[in-house]
Amino acid sequence: MELKGGFCMNNEEKKQPEVAATAEETAPQTEETTVTETETEAAAKASFLKKLFSGKKARKSADMQRRLRHGRTARVLTVVVVALVILLNVVFQIVGDRFPLTLDLTGDYTLSDTSIELAKSVTKPIDIIVFAPEEAFSNTNSADAQKFTYGFEQPAQALSEFYNAVKQYKTYSDGKVNVTFIDMNSNPTAVNNYKAYTTDTIESGDILFISGDRCKTASVSTDLFTADSSSYYTTGQYSFTSTVEQTLATKIKSVQDTADRVLTLFTGHSEDSAVMQGLQQVYNLNGYDLEEIDLTKSAEINESTVCAVIPAPTVDYSKDEIERLRSWLSNDGKEGRNLLVFTHPTASLPNLYEFLEVEYGLEVTDNLVVETDANRLYAYTSSFATYADIASTDFTKNSAGSAKAMAWYTRQIIPHWEAKTDTSTQYSVNLVTFADTARLVSADEAAQSQNPTQTAYDGTIVGMAVAVKEGYQNTLEVNTVTRVAVCGSAYIPTPNFISVKTAENENLLLDSMSTLTGVVNAINISSKPIETTTVTFSATARTLVGLILLTVVLPIGLIVTGIVVFLKRRHL
């Protein structure tokens, strides 16, 4: 402690003036610092505000740029989509003309597999000339359509079916089949360009099928549909059936052949009319031209005949007629001709049957075939109503199979020539045979008794066979072939049996005739109702499909699309 002027002072008291002095000295400095800090804060605020506003401007600019970018993209996409829609419309229009694209909800306008196969097999250009306005086929409600169909709805549908079918033929033939419609009212002189193709007068509704110098004709009113009036008096209605596919296939197949294929029916011996009707039905449809020659008269047999047919006569041939038959088959020693014989179940024809056995080793017996297995009987009826087997041979390519032939009241045929070998010049081929459960009965006894004696046969019971005779003329190669086929059932070719869907009688007739006449890779055209593999809908189903598509599926699809687009674009 220090004493000063009688007062005693400690160190802290001594230091107070210095502190005060220090405070006085530092007071001005604190004011300057406060000013400096205020300016700094102001500058910082200014800087912050500048950054804030500049950031907002940048974000606004970025948003604007993004919106502009998305707007340009949307406009470009819109233009591209519209252009694509127009382009696709043009392309589908062209493709639709070249390759018709249709959804057939009825199954009426779709070609069958057979017709498609035929169309694909076309090798030469074919022109179908229809002497009728195109509108008659494209618009079945038009006055022109009513003119050809007499106001009936079903025939009008046949016209529409024809219109669609010829388009499909063009597609499947790779453009080789073409159709032209000529309105004779507006262009009457156009007929003059086609008079050379037919000797008949061309009329409205006629159809010409032309390929090279070959031509076949048809008519809209008679060849595209058939009418059945059998129920008119009970129902007051007519029944119509479309024959469009059969007509197209027949005519196209015919004009593709290099020459007419003539089948000559030998008549004059009380032939079975049902057999003749069935043969005409099957063979005319497949491009054969059928002619009739009465062998009891002196008419000449057409030199273009590829096969002669004896359709189940009930009166025997005379010696002179047998000699004429032998002479025709001999062909002045050149052979190379063909014969198909159908036998009647009860007729006695010793001269004809002897000729067939002696000349070609095919014995026609007086035995009829019966079946003991109920599963091989038609509807479990008479034991004579048998199903027979069709053997797998060159003569039965499309018809072979077990229990495939409806062969009622069949005479047993016994082939005496051996089966074919590598060195055979004459041999026989079994076409129709019966199962081990089959038995034989005498035709005479069967005519007099309902329960004739049944006899088992030691061997294969044959119902149809063909004898083949090959000829060699100064060469090691076969250059002539004569074929004679005998069918023991007159029922096989009748219309009622041909139309049975579970039997192959029709294909058996066509297969055997194709091989008899040397036709390779033949396409069989069936007279049975055309069956196509299509998705079909009833009228109710078609209505429901339309309602569902238009009132449910389409609106929901549009709503979902709108929602998706909204959610995607609402933040843009």
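Derivation of every value follows stated rules applied to the coordinates shown; laboratory data play no part. Keep in mind it's a predicted model, so treat the numbers as computed, not measured. Here Cβ is always computed from backbone atoms with ideal geometry, including for glycine, and neighbour counts include all displayed protein chains.
Please turn the phi angles of region 429-441 into ³J(HN,Hα) values with the Karplus equation 6.51 cos²θ - 1.76 cosθ + 1.60 (θ = phi - 60°), one per residue in order, whole Hz, x for glycine and proline.
Values, residue by residue: 10, 7, 9, 10, 10, 10, 6, 5, 7, 7, 9, 10, 10 Hz.
What's the extension gain from ASP366 to THR437 if we count 0.36 nm per residue and subtract their Cα-Cα distance?
Result: 23.6 nm gained on full extension.
Once you place label points 7 Å from the Cα toward the Cβ at THR258 and ALA419, how far apart are they in nm?
Placing both labels 7 Å beyond Cα along the Cβ direction yields 3.5 nm.
Any idea how far apart SER318 and ILE563 come out in nm if each label point goes 7 Å out from Cα toward Cβ?
The modelled label-to-label distance comes out at 9.4 nm.
Once phi is turned into ³J(HN,Hα) by the Karplus curve 6.51 cos²θ - 1.76 cosθ + 1.60 with θ = phi - 60°, what whole-Hz value does each residue of region 320-336 show in order, with x for glycine and proline?
Values per residue, Gly and Pro as x: 5, 5, 5, 5, 5, 5, 4, 5, 5, 5, 5, 6, 6, x, 7, 6, x Hz.
Say the cut-off is 28 Å between C-alpha atoms; which of LYS253/LYS501; LYS420/LYS501; LYS176/LYS469; LYS120/LYS501 go over it?
Check vs 28 Å cut-off fails for LYS420/LYS501; LYS176/LYS469.
Give me ARG439, ARG324 ranked fewest to most by other Cβ atoms within 10 Å of their Cβ, as a rough exposure proxy.
Least crowded to most crowded, the residues run ARG324, ARG439.
Residue separation times 0.36 nm, minus the C-alpha to C-alpha distance between LYS195 and LYS297: what's the value?
Between LYS195 and LYS297, full extension yields an extra 33.1 nm.
Ranking request for peptides 481-491, 333-343: highest mean number of other beta-carbon atoms within 10 Å first, then the rest in descending order. It would help to have the intermediate numbers written out before the result.
Details: 481-491: 25.3, 333-343: 19.7.
The densest-packed peptide leads the list: 481-491, 333-343.
Along the Cα→Cβ direction, 7 angstrom out, place labels at ALA447 and THR78. What is the inter-label distance in nm?
9.4
Under 5 Å between amide hydrogens, which residues at least 5 positions from GLU292 or on another chain qualify, with H placed 1.01 Å from N in the peptide plane?
LEU265
At 0.36 nm per residue, and after removing the present C-alpha to C-alpha distance, how many nm does the segment from ASN479 to THR235 gain when stretched out fully?
81.8 nm
Tell me, what HN-Hα J-couplings in whole Hz come from the Karplus equation 6.51 cos²θ - 1.76 cosθ + 1.60 at θ = phi - 60° for each residue of region 390-402, using x for Gly and Pro?
Using θ = phi - 60°, the values come out as 9, 5, 8, 9, 5, 8, 9, 5, 9, 10, 4, x, 7 Hz.
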